[in-house]
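The values are calculated or read from the model by the stated rules, or taken from the named source; none is laboratory data. All values reported here derive from a predicted model rather than from experimental measurement. Positions of Cβ are generated from backbone atoms using ideal geometry, with glycine treated the same way; all protein chains shown enter the neighbour counts. Remember, those area values only see protein heavy atoms, side chains included, never the ligands or the DNA or RNA. Shrake-Rupley method; radii C 1.70, N 1.55, O 1.52, S 1.80 Å.
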Amino acid sequence: MQPINYQLAAYSDLFMLIAAIVYAAAFIVFALDMASSSKTIRTLEAELAEQQERTDAARSSEARHKQLVGAVGGPTSTPAPDHGPSTTAPPAAGNAVGDLVDEDMDYTGATRRPAANVAVALMIIAAALHAFAVIARALAARQVPWGNMYEFCTTGALLVSVVYLLFLIRKDIRFLGTFASGLVVIMMAAATMGFPTPIAYLQPPLQSPWIVIHVSIAVLASALFTLTFAMSILQLIQHRREAKAPTGATGGFAFMRLVPPALSLENWSYRLNAVGFMMWTFTVIAGAIWAEASWGRYWGWDTKEVWSFVIWVVYAGYLHARATRGWTGERAAWLSIIGYACVVFNFTIVNIYFPGLHSYAGLPG
């Protein structure tokens, strides 16, 4: 076994700290963009009003053209009735949420939102620094970087950031930036302050190829559940806002005009939860196979095993209830939130306060 490269491990710690600072900066800029949403909304609505005016002018011109053609056609032609310019009013402040963001998470305006763009750039820089820190720690000990709670948390935070940025390529989910960057900062803080673990070799029970398969999929599933948790929180806020103000009055939640409708958030959360559930199913199965190879049994009702199964049951119930029982809206969002609460409980409380066969993987060494 080759010796640990402590210098590279020190660089990992340094870059981890720098990445956390940049994530915090991204969170602040995302929050500023959210706070300045009123100005952004006015700009978007002005663009929409201008587009509507151009459309109305084109329709009016077309109607006059038809009238002229009918007049030239002679007395047998019946000219189209002149109703004057279109009476369709341009969208005003306070229209429905869908006027700014459609159900497919596409913005109907073209405003660049420079603060949000700066925050995204900071997230990209932070993710690059974070990735170097995680990879450097892995290379320093020549093992996977998720052998304890510190490493699981930092790697999980990296995947939350990467999944968010990759999804951002397909859909404009800058509205999730405050939540995604905030959760990443919390995870980084929890890792460095709550579970500080010096670099060391994996303990013997973890020295198995299954740690690559089992834990990596669990981390990725947890990252997806983190994003759907943020979507579910926004869904609850948006749902209540839509119910109280069907005309779109923003009240004290102006930034919610930049968030897609509650139904759109629910649909995307459902899709991501379905993918995360399949990954978690594989996690439970792979864990059982690993348990048989290590301890001679597939299932032993260890606390960690029980709560992994509880998470599976909650998300299975969520998917089943929404697909077949019509559990939509707030009930679906709460089920998703409860599922993520179980994930957090399994990772923190179970690892720290419930001794079991998996305790070596959770407590700082």
Of all residues making up the range 1-11, the number that are open to solvent by less than 80 Å² (accessible area, probe 1.4 Å) and either outside any helix (DSSP H, G or I) or at pLDDT 95 or above (or both): 2
The range 328-365, residues that are among the hydrophobic types (A, V, I, L, M, F, W, C), modelled with pLDDT under 90 and surrounded by fewer than 18 Cβ atoms within 10 Å (Cβ to Cβ): 349, 352, 354, 357, 363
Residue pairs meeting the criteria (Cβ under 7 Å; at least 6 apart or on separate chains; first under 10 Å from residue 159 (Cα atoms) and in a helix (DSSP H, G or I), in the range 210-222; second open to solvent by 20 Å² or more (accessible area, probe 1.4 Å) and not aromatic (Phe, Trp, Tyr)): 219/159; 220/159; 220/279; 221/279
Looking for something open to solvent by 20 Å² or more (accessible area, probe 1.4 Å), closer than 11 Å to residue 16 by Cβ and assigned to a helix (DSSP H, G or I) - is there at least one such residue anywhere in the range 131-145? yes
Are any residues in the range 255-274 more than 16 Å from residue 314 (Cβ to Cβ) and in a helix (DSSP H, G or I), and if so, which ones? 255, 256, 257, 258, 262, 263, 264, 265, 266, 267, 268, 271
Which numbered condition in (1) under 22 Å from the mean Cα position of the chain (by Cα); (2) more than 14 Å from residue 225 (Cα to Cα) is the only one that residue 275 fails? (2)
